[in-house]
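The values are calculated or read from the model by the stated rules, or taken from the named source; none is laboratory data. All figures in this text were calculated on a predicted structure; none of them were measured in a lab. Because the Cβ atoms are built from the backbone with ideal geometry, glycine has one as well, and the counts that use them run over all protein chains shown.
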Amino acid sequence: MITHKLYKILFIFFLLTITQCYKDPFFELSVEVINEDLEPVANCTVSIEITDLDTGNIISGEILNSEYADITNDAGIAIFSFENKAFVTARACFFLDEMTGMCKQGHVYLEDNETKTLTLMIEENNCNYCF
């Protein structure tokens with residue numbers, strides 16, 4: 001009789017312990033933008049393009065909102081958070097003046113509970129995706 005009640009109490013304690021330990025997975029991306037001298041580039045626009053893993057199609061711009069574009073801080077870093085796994089293209093655009101732009105793009109696959117870091121070294125190039 002006592003052992004039966006003890007088993008119930010242990011079972012309830014076990015269930016409470018399991019349900020409190022679950023944490024939602026996070027998917028984060030840190031994009032660092034540097035110049036050719038390996039110095040961080042502040043105020044650089046970083047935009048994100050997401051590819052659907054199931055279909056391989058790019059998720060349309062209508063679904064994405066302003067949280068998938070950011071400007072780097074003084075350390076040249078922009079941080080993004082996502083709800084699901086994704087294959088991400090990050091594009092950094094920096095304009096020296098109206099006619100001269102520097103850019104770079106890179107790709108990364110986001111994984112569960114890991115902050116991926118992508119370093120982009122901007123260079124003068126044909127930056128069609130910046131305009």
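What tally of residues in region 23-50 results from selecting those that are part of a strand (DSSP E or B) and not hydroxyl-bearing (Ser, Thr, Tyr)? Let's see the steps before the verdict.
Initial filter on region 23-50 (part of a strand (DSSP E or B)): 27-34, 40, 45-50.
Going one step further and asking which of them are not hydroxyl-bearing (Ser, Thr, Tyr), we end up with 27-29, 31-34, 40, 46, 48-50.
Residues in region 23-50 being part of a strand (DSSP E or B) and not hydroxyl-bearing (Ser, Thr, Tyr): 12 in total.
Are any residues in region 40-51 at pLDDT 90 or above and surrounded by fewer than 17 Cβ atoms within 10 Å (Cβ to Cβ), and if so, which ones?
PRO40, ALA42, ASN43
Just checking, does region 58-66 include any residue being in a helix (DSSP H, G or I) and either hydroxyl-bearing (Ser, Thr, Tyr) or in contact (Cβ under 8 Å) with a residue 60 or more places away in the chain (or both)?
So far as region 58-66 goes, yes, one or more of its residues are in a helix (DSSP H, G or I) and either hydroxyl-bearing (Ser, Thr, Tyr) or in contact (Cβ under 8 Å) with a residue 60 or more places away in the chain (or both).
In region 52-98, which residues are acidic (Asp, Glu), loosely packed, with under 12 Cβ neighbours inside 10 Å and either under 11 Å from the mean Cα position of the chain (by Cα) or modelled with pLDDT under 80 (or both)? Explain how you work it out, then say what you get.
Within region 52-98, the first condition is being acidic (Asp, Glu), and the residues that meet it are 52, 54, 62, 67, 70, 74, 83, 97-98.
If we keep only those that are loosely packed, with under 12 Cβ neighbours inside 10 Å too, we end up with 54, 62, 67, 74, 83, 97-98.
Residues satisfying the conditions are ASP54, GLU62, GLU67, GLU83, ASP97, GLU98.
For region 99-110, give me the residue count where each residue is of a type outside the set (Phe, Trp, Tyr), in contact with a strand residue (DSSP E or B) (Cβ under 8 Å, 6 or more places away or on another chain) and exposed (fewer than 14 other Cβ atoms within 10 Å of the Cβ). Working first, answer last.
Here is the first cut: in region 99-110, the ones of a type outside the set (Phe, Trp, Tyr) are 99-108, 110.
From what's left, in contact with a strand residue (DSSP E or B) (Cβ under 8 Å, 6 or more places away or on another chain): 100-108, 110.
Right, trim to exposed (fewer than 14 other Cβ atoms within 10 Å of the Cβ) and you get 100, 107.
Going through region 99-110 one residue at a time, the tally reaches 2.
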